[in-house]
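Notes to accompany the following structure.
The values are calculated or read from the model by the stated rules, or taken from the named source; none is laboratory data. Given the structure is predicted, the values throughout are model-derived calculations rather than measurements. Because the Cβ atoms are built from the backbone with ideal geometry, glycine has one as well, and the counts that use them run over all protein chains shown.
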């Protein structure tokens, strides 16, 4: 069971897309630039032959001295001027070539080119490339010990690049960073320009994608050996950035094995047994294991509330368990034979009617729980009880199908007379509230004993006169409404909270359209754009969500301070309107105080609670035909149907009832009582 702030199923991998792949930067690995590091590695490799191949034994010191003196003797026949030019040329060539080429080769090249440094370097490069470049599949010759007294030449560049250790390297080029293995190129500087001597491998990932790019760049070297490829680590989650268009209707049919989605709210007077009834049902369906249930039983006994054990399945907060009263809307999910049910357990206490309205506004169908005990049903049904108000509220908010769970029937010994008495009183009122008799179903139950919940009861006192379905079967018989998946996206935030990592989360029911990870959204009324980084349905990360889903969206690109409960997230191409003044058609409930111009009210719209003032009384309408009976009335009394104009203190995102029925309904409350229900007919002022 999860409430709005439950993030147990959140995928935290998405929080690090904008950071380095392994949580480190270039500065952590290098104190110098990557290019300088590559040159340093190359130079060090040339200085120490142990990096490339082992030698049988080192050349003796006297041999080295003899080797160094021999080139000097080879040009003693030159004049003093030519010797000076030769030494100057060799000094320049050593600065470029270092120790990678023997001095005898440099002397020969300098003398052939008449001591011209650029030409001598070009000659050395050509000779070295011609002798060292070989096919990649060719075997390399074994190391041969040089003859004593002769200069030992370094192995070819191809051999060096074969055995050189692979160096993990991070490259920053204004694009996304990714790990790769680099086989550095052998380069030399000639006249201020880099000249490639010989290369066998190339840098795998010199230029990497930026964090926001959609595709990763393929490696430049397609002829890379299998050894190099297998040593390349994973290149991050770039494939997840690419977004494909989906056929939402096919995806909805495929999801959950073709089962339909249904949002169910449980309502009723306080202490009618709503939480116990649904908690026991979830236990019987296997959504709560025996170990957890035993724990709840022991803890509830210690707290002196042994009968509240099943209620603790849905009442998870300490305050709710201590007070024994549901305070917020508890939400969970279970499945029937043909439906996927999102269950919302609404509070029944009068002080928490605003929370109950929030749950009822997101529901498709409802279960009204009444207490069959003598005196208890009457207390909840008569004036001051919440049974009437709850039924009237859910009908005004668009719920047309209702199951009445006549609870605690075990306390009246499953008497048919008591059941008929309760249903007759309720049936008359529900018909006046707007429910059709064919859409209201009555089921005798016992939440504490679990009778007639998940399967038909075997108690003879009940089976003698009741032949109808059990509660879970009746839930399965409900008809799922048509979803507005073809309309522009709309989601009203019921909770906003900071998530671990970057971004923050908003939760709410998607009223229309569908959304995918990576989509851009517009938050109204702050009129701020944001990007969806992740989507979660019932603690499970998904790629998309559609109308009817209770989704949790992880958002980036907007400050959490600007987003409040009640903000509507919509499609930027078809945004919702935000206004402070609008006209509506309202139905006045059983309210004794006359409503006049300037009357203060509280508007409850989806998850929004906003103070407002009745600015104008436009006209009184006929209840059946809708014809104008009186213009500019002085006041409105109970039972009247009228057109009024409302003024809110802050902008509220609204839709016309004719365009979006789900977003066109609202409730008016005054001094703790619900006084009217209405639908938006005209938006007068937009911001």
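Taking the numbered list (1) farther than 29 Å from residue 673 by Cα; (2) within 28 Å of the chain's Cα centre (by Cα); (3) crowded, with 17+ Cβ neighbours inside 10 Å in turn, residue 309 passes all entries but (2). Here residue 561 passes the criteria (1) in contact with a strand residue (DSSP E or B) (Cβ under 6 Å, 6 or more places away or on another chain); (2) outside any loop (DSSP other than H, G, I, E, B) except the one numbered (1).
When segment 418-427 is filtered for residues that are farther than 14 Å from residue 402 by Cα and either in contact with a strand residue (DSSP E or B) (Cβ under 8 Å, 6 or more places away or on another chain) or touching a residue at least 24 places away in the same chain (Cβ under 8 Å) (or both), the ones remaining, listed by number, are 418, 419, 422, 425. Counting the residues of segment 310-329 that are more than 12 Å from residue 278 (Cα to Cα) and either in a loop (DSSP other than H, G, I, E, B) or in contact (Cβ under 8 Å) with a residue 40 or more places away in the chain (or both) gives 8. One residue alone among 281, 285 is crowded, with 18+ Cβ neighbours inside 10 Å and assigned by TED's automatic domain parsing to the domain that holds residue 379, and that residue is 281.
Highlighted here are the strands (runs of 3 or more DSSP E) found entirely within segment 428-512 that include at least 1 residues which are without any contact (Cβ under 8 Å) to a residue 60 or more places away in the chain, touching a strand residue (DSSP E or B) at 6+ places or on another chain (Cβ under 7 Å) and surrounded by fewer than 22 Cβ atoms within 10 Å (Cβ to Cβ): 440-444, 504-512. Note on segment 218-307: enclosed helices (runs of 4 or more DSSP H) holding 2 or more residues that are under 30 Å from residue 422 (Cα atoms) and at pLDDT 70 or above are 274-284. So, residue 607, is that one farther than 30 Å from residue 550 by Cβ and outside the structural domain of residue 550 (by TED's automatic domain parsing) or not? Answer is no for this residue. Evaluate the following for residue 263: is it assigned by TED's automatic domain parsing to the domain that holds residue 393 and either buried (at least 22 other Cβ atoms within 10 Å of the Cβ) or in contact with a helix residue (DSSP H, G or I) (Cβ under 7 Å, 6 or more places away or on another chain) (or both)? The answer is yes for residue 263. Considering (1) over 23 Å from residue 284 (Cβ atoms); (2) in the same structural domain as residue 447 (by TED's automatic domain parsing), the lone condition that residue 313 does not fulfil carries the number (1). Residue-level check: of (1) out of contact with any strand residue (DSSP E or B) (no Cβ under 6 Å at 6 or more places or on another chain); (2) part of a strand (DSSP E or B), residue 593 misses just (2). Do we find that residue 619 is in contact (Cβ under 8 Å) with a residue 12 or more places away in the chain, surrounded by fewer than 21 Cβ atoms within 10 Å (Cβ to Cβ), in a strand (DSSP E or B) and in contact with a helix residue (DSSP H, G or I) (Cβ under 6 Å, 6 or more places away or on another chain) in this structure? Against the criterion (in contact (Cβ under 8 Å) with a residue 12 or more places away in the chain, surrounded by fewer than 21 Cβ atoms within 10 Å (Cβ to Cβ), in a strand (DSSP E or B) and in contact with a helix residue (DSSP H, G or I) (Cβ under 6 Å, 6 or more places away or on another chain)), residue 619 does not qualify.
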